[in-house]
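So the structure is just underneath, and the comments pick up after that.
The values are calculated or read from the model by the stated rules, or taken from the named source; none is laboratory data. This is a predicted model, so every value here is computed, not measured. Cβ atoms come from the backbone with ideal geometry, glycine included; neighbour counts cover every protein chain shown.
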Amino acid sequence: MSYASTINSLPEGFILEEYRLERVLGIGTFGITYKGWDNNLNTPVAIKEFFPSELVEREGNQVKPKPGEDVDYYQFGLNAFIEEVRILAQFKHSNIIRVLRYFTSNGTAYFVMDYEDGGSLSEYLNTDKETLSEDRLRAIFIPILEGLSSVHSKKYLHRDIKPSNIYLRNDGTPILLDFGAARLEFGSTSQSGECVLTPGYAPIEQYAPDGIQGPWSDLYGVGATLYRCVTGRTPADAVNRLNALQRGQTDPLPPASLIAKGKYNPEFLKAIDWALSLKQEARPQTVGQFLERMSVTLSGVTISSIFTYKPRQAVRNHKIVFCGPVGAGKTTAISVLSDTSVIGTDQMASDMTRLKKAATTVAMDYGIMKLNETERVHLFGTPGQERFDFMWDILQKGALGLVLLIDNSSKSPLDDLEFYLQVFSELIAKTKVVIGVNFMDSGGATTIEDYHRALLDKKRPFKINPPVFEIDARSKRDMSMLVQALLYSIDPGVQDYNV
């Protein structure tokens, strides 16, 4: 391990809760694992820290997103890490790593596991030039498959089975480590759009956001790991295999039954090739089927049913602020756009906010609009009176844009327009604004042309020419049009927004 890879780790001797860190055991894309000592029980432990190195940095002992990185994205990953711990804690099996507890500290999260003396199957394969015997492989993989079946019985997947995630205790018994579901879901929706998985060991369906995953996906990883053990070769990547076959070329992954012929039982090698079938429906669908093919007695194995697993994805959260005078239609607009029940000030404000609100006749509204499966827009309606401006600075932070609603039936709608443009001038300078004029049919004398002229008036401190629409705040079509216009003005290169 290089100095560069350990420079971000916590120092030896560092105290975390009741644990003292002794040394770094390993560093991955999403975390650092330490050997620690439980000062209360006087026993060794392993401690894993959530530390996605591409997103975060350490300032002193604190972990925080790097400048310019997405805080919400980091928070999703942190939540997924904690969820992984909670899932792992459900499994009580001698061949699955046991989680003792988790806690949050230093701006991140940690979970504590049993520490076992030994080394990974990967380390064993890299130091021993000979391939393993069939008896030795059965002694390793049958317990691993039994543990995996108990995982599948709870309708959960490992999703990252490979030699480095199989740990061999000093007595030779194996443990399945580092469940990848949560962190892979985090990584698979990274800003770079790349899937974070292990080439050669991941099935083709794991590369696609809509890939149908199930026990057969984990069994591909088992087959690939066995292939490495019997051939000494890392399996060809699933994408390369698919591309070659689609071009009419030979599969770049020659069968184990051909390469290792004569060294192992033919049925044992055929079982490996079966698990490595490129098409998911051609593989064993359950651990029980795979063990049966290997002529293993099924007594004592929890047989799980076939199920499909849908990975969670990081949801990108955006924020749009709705502003305008009392009665302009903000609450109505948010209500027709939101895919969730709208929350008002009384439901989400602090006591201080309620006291402030008690002196006014206004309210702040909040709703959520789903753009698609992985993007949501949080809709915030600002209070309509100047004396409620203590909230405005907060509402502007991180906002994608501004929807300004004007009541055309008021005494001076152009003055209202100017007032809100001045209040939100800093936000408008950084992003975009769209204007919806409500109640145009209520006898007001001001026309849409008057609004355009006011926006371009030479006397204004800054001139803008945003989209201005006549709208009915009760119409979802009208309000969707407003939001679409705002999103198009922010990002004119997009083809469509599903508002």
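When you check residue 341 against the structure, is it farther than 23 Å from residue 427 by Cα and modelled with pLDDT of 80 or more, yes or no? I'd like the intermediate steps shown before the answer.
Numbers: farther than 23 Å from residue 427 by Cα: yes; modelled with pLDDT of 80 or more: no.
Here the answer is no, as residue 341 does not meet what is asked.
Residues to consider are 24, 71; find the one that is under 27 Å from residue 198 (Cα atoms), over 22 Å from the mean Cα position of the chain (by Cα) and without any contact (Cβ under 8 Å) to a residue 40 or more places away in the chain.
24
Whenever a residue of the range 272-295 is more than 21 Å from residue 138 (Cβ to Cβ), its partners that are surrounded by fewer than 16 Cβ atoms within 10 Å (Cβ to Cβ), lying with C-beta atoms within less than 6 angstrom and at least six residues away or across chains, give the pairs 285/306. Considering the range 50-81, the residues that are out of contact with any Leu (no Cβ under 8 Å at 6 or more places or on another chain) and in a helix (DSSP H, G or I) include one that is nearest to residue 319 (Cα to Cα), namely 72.
When restricted to residues that are surrounded by 10 or more Cβ atoms within 10 Å (Cβ to Cβ), part of a loop (DSSP other than H, G, I, E, B) and either not aromatic (Phe, Trp, Tyr) or not assigned by TED's automatic domain parsing to the domain that holds residue 337 (or both), the range 431-462 contains 10. Determine whether the range 150-169 contains at least one residue that is within 21 Å of the chain's Cα centre (by Cα), among the aliphatic types (A, V, I, L, M) and closer than 26 Å to residue 275 by Cα. The answer is yes, given that some residue of the range 150-169 is within 21 Å of the chain's Cα centre (by Cα), among the aliphatic types (A, V, I, L, M) and closer than 26 Å to residue 275 by Cα.
Here residue 222 does not fit the description of being part of a helix (DSSP H, G or I), hydrophobic (A, V, I, L, M, F, W, C), touching a residue at least 60 places away in the same chain (Cβ under 8 Å) and touching an Asp or Glu at 6+ places or on another chain (Cβ under 9 Å). Taken over the range 235-262, the criterion of being surrounded by 14 or more Cβ atoms within 10 Å (Cβ to Cβ), of a type in the set (A, V, I, L, M) and more than 24 Å from residue 206 (Cβ to Cβ) is satisfied by 259, 260. Got at least one residue in the range 132-146 being modelled with pLDDT of 90 or more and within 24 Å of the chain's Cα centre (by Cα)? No, that holds for no residue.
Surrounded by 15 or more Cβ atoms within 10 Å (Cβ to Cβ) and modelled with pLDDT under 90: is that true of residue 47 in this structure?
On the way: surrounded by 15 or more Cβ atoms within 10 Å (Cβ to Cβ): yes; modelled with pLDDT under 90: no.
Considered against the rule, which asks whether it is surrounded by 15 or more Cβ atoms within 10 Å (Cβ to Cβ) and modelled with pLDDT under 90, residue 47 comes out as no.
Of the residues making up the range 6-15, just one is surrounded by 15 or more Cβ atoms within 10 Å (Cβ to Cβ) and more than 19 Å from residue 52 (Cα to Cα), namely 14. If only residues of the range 30-68 that are among the small types (Gly, Ala, Ser) and farther than 23 Å from residue 197 by Cα are counted, the one that is farthest from the chain's Cα centre (by Cα) is 36.
Take the residues in the range 147-160 that are polar (S, T, N, Q) and outside any loop (DSSP other than H, G, I, E, B); name whichever of them is surrounded by the fewest Cβ atoms within 10 Å (Cβ to Cβ). Please lay out each step first, then the result.
Kept after step one, since they are polar (S, T, N, Q), are these residues of the range 147-160: 149-150, 153.
When the remaining residues are screened for being outside any loop (DSSP other than H, G, I, E, B), the result is 149-150.
Numbers: 149: 22, 150: 19.
Here the answer is 150.
Within the range 95-132, the set of residues being of a type in the set (S, T, N, Q) and either in contact with a helix residue (DSSP H, G or I) (Cβ under 9 Å, 6 or more places away or on another chain) or surrounded by 14 or more Cβ atoms within 10 Å (Cβ to Cβ) (or both) comprises 95, 104, 106, 108, 120, 122, 126, 131.
Scanning the range 89-106 finds one or more residues that are out of contact with any strand residue (DSSP E or B) (no Cβ under 7 Å at 6 or more places or on another chain), farther than 24 Å from residue 24 by Cβ and free of Cβ contacts under 8 Å to residues at least 40 places away in the same chain.
Residues checked against (1) modelled with pLDDT of 90 or more; (2) more than 20 Å from residue 207 (Cα to Cα); (3) of a type outside the set (A, V, I, L, M, F, W, C); (4) outside the structural domain of residue 93 (by TED's automatic domain parsing):
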{"site": "264", "(1), (2), (3), (4)": "yes, yes, yes, yes"}
{"site": "268", "(1), (2), (3), (4)": "yes, yes, no, yes"}
{"site": "271", "(1), (2), (3), (4)": "yes, yes, no, yes"}
{"site": "279", "(1), (2), (3), (4)": "yes, no, yes, yes"}
{"site": "287", "(1), (2), (3), (4)": "yes, yes, no, yes"}
{"site": "292", "(1), (2), (3), (4)": "no, yes, yes, yes"}
{"site": "299", "(1), (2), (3), (4)": "no, yes, yes, yes"}
{"site": "325", "(1), (2), (3), (4)": "no, yes, yes, yes"}
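With respect to residue 361, is the statement that it is surrounded by fewer than 14 Cβ atoms within 10 Å (Cβ to Cβ), at pLDDT 65 or above and not in a helix (DSSP H, G or I) true? It is false that residue 361 is surrounded by fewer than 14 Cβ atoms within 10 Å (Cβ to Cβ), at pLDDT 65 or above and not in a helix (DSSP H, G or I). Filtered by the rule that a residue be assigned to a loop (DSSP other than H, G, I, E, B) and either more than 43 Å from the chain's Cα centre (by Cα) or not β-branched (Val, Ile, Thr) (or both), the range 463-472 gives 463, 465, 466, 467, 472.
Taking the criterion of being among the β-branched types (Val, Ile, Thr) and either in contact with a His (Cβ under 9 Å, 6 or more places away or on another chain) or modelled with pLDDT of 90 or more (or both), the residues of the range 394-449 that qualify are 403, 406, 433, 434, 435, 437.
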